[in-house]
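Only the coordinates and a few stated rules stand behind these numbers; no lab work does. Values in this document were obtained by computation on a predicted structure and should not be read as measured data. Cβ: placed from backbone, ideal geometry, glycine included. Neighbour counts: every protein chain shown.
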Amino acid sequence: MKKINIAIDGPAAAGKSTIAKKVAAALNMVYVDTGAMYRAITLAYLKSDDKDFSTLLEQIDIRLVADHGQRVLLSGEDITERIRENDITENVSFVASQAAVRSYLVELQQQLTRDKGVVMDGRDIGTTVIPDAELKIYMIASVEERAQRRQLDNESRGIDSTVEQLKADIAHRDHLDMTREISPLTQAADAIEIDTTGRSIEEVTAIILKLASDKLE
Ligand code: CDP
Ligand code: CDP
């Protein structure tokens, strides 16, 4: 059977990882959440006394384990839930703007996509990591709805937040991600934009599965 890669990019809480996971499961593909990798390095950075990124990256041990989604291990410890907490979210865009961090992770991500069959979500997947992906999606949603969705996520995880605060935080993080020097968040010329505002997870998943089936023919 023909194998393809699917790149899903877009701003925070647009629905990328939820829908990427469902698309991967439906097509028997591997799901890779690249945001979790930047979050894992952010946790290592916050824990480390040495703030030099090159030294940190030489010592770091990050592993991804496929499990109905993706679990992340840092030096053997499962940090999947820990990296969703506020201190990581507040610092991740700074860490992700570092040249050493980006080249380290982009290389790792490219290795994972070499044999195809991957659904990868992030900010620079269609532009930088897999510019030759067979299907590229750029997912957006209103900041109001994204903040409300993230508030529900936080409530279910026991993380303190308010919708107003989340709106400001999401807009600030999007701004940092869109204006950084190296591979900023931007829509690839050949990416298909999907606005998920007011659309259910099932609806958006079905749209992408249809687009993917056209590529798999
Ligand atoms: O899930 P959420 O939208 O909150 O963010 P994420 O996908 O976990 O990504 C966290 C952060 O990592 C983003 O705000 C970016 O700063 C960075 N990131 C990136 O620079 N490049 C990627 N391919 C993925 C994430
Ligand atoms: O990965 P990204 O940050 O783009 O977003 P996400 O973590 O997949 O989605 C944020 C929240 O929005 C999750 O709780 C999803 O269940 C929810 N969501 C939704 O309610 N409707 C959609 N069409 C997509 C996601």
Original post:
If one computes the Cα centroid of segment 133-181 and of segment 32-90, what distance in Å separates the two points?
Top reply: 19 Å
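Tell me which DSSP H helices of the chain clear both cut-offs, 18 Å or more of axial length from alpha-carbon atoms and a mean Kyte-Doolittle hydropathy of at least 0.5. Please report the intermediate quantities before stating the final value.
Details: long enough: 34-47 (20 Å, 0.47); 99-113 (21 Å, 0.14); 143-157 (21 Å, -2.23); 163-179 (24 Å, -0.66); 201-216 (22 Å, 0.81).
Helices meeting the criterion: 201-216.
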**OP:** State to the nearest 20 debye the size of the charge dipole of the chain about its Cα centre, where the only charges are +1 on K and R beta carbons and -1 on D and E beta carbons.
**Re:** 500 debye
Original post:
For the chain, modelled as a Gaussian network with Cα springs under 10 Å, which listed residue fluctuates most, Arg173, Arg114, Arg63?
Top reply: Arg114
Subject >> Efficiency of FRET from Cβ geometry, Ser200 and Glu155, R₀ 22 Å, rounded to 0.05 >> reply: 0.70
Original post:
Where the eigenvalues come from the Cα gyration tensor of segment 5-196, what are the semi-axes √(5λ) of the equivalent ellipsoid, largest first, in whole Å?
Top reply: 22, 21, 17
Subject >> Debye log10 I(q)/I(0) at q = 0.17, 0.19, 0.27 Å⁻¹ for segment 143-205, Cα point scatterers >> reply: -0.78, -0.92, -1.11
Original post:
How many nm separate the modelled label positions at Ala100 and Thr162, each set 7 Å beyond the Cα in the direction of the Cβ?
Top reply: 3.9 nm
Original post:
Can you sort Met1, Met178 so the residue with the fewest Cβ neighbours within 10 Å comes first?
Top reply: Met1, Met178
Original post:
How big is Rg to Rh over segment 63-110, alpha-carbon atoms, Rh as the Kirkwood inverse-mean-distance radius?
Top reply: 0.99
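My understanding is that a pair violates if its Cα-Cα distance is over 24 Å; which of Lys47/Lys167; Lys3/Lys136; Lys167/Lys215 do that in this structure? Mind showing how you got there, number by number?
Values: Lys47/Lys167 28 Å; Lys3/Lys136 15 Å; Lys167/Lys215 36 Å.
Check vs 24 Å cut-off fails for Lys47/Lys167; Lys167/Lys215.
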**OP:** Quick one: go through segment 1-45 and flag any residue whose amide nitrogen is under 12 Å from the point 7 Å out along the Cα-to-Cβ line of Asp132.
**Re:** 5
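Apply 1/(1 + (r/R0)^6) to the Cβ-Cβ distance of Asn86 and Ile192, taking R0 = 41 Å, and write down the FRET efficiency to the nearest 0.05.
Efficiency, rounded to the nearest 0.05: 0.80.
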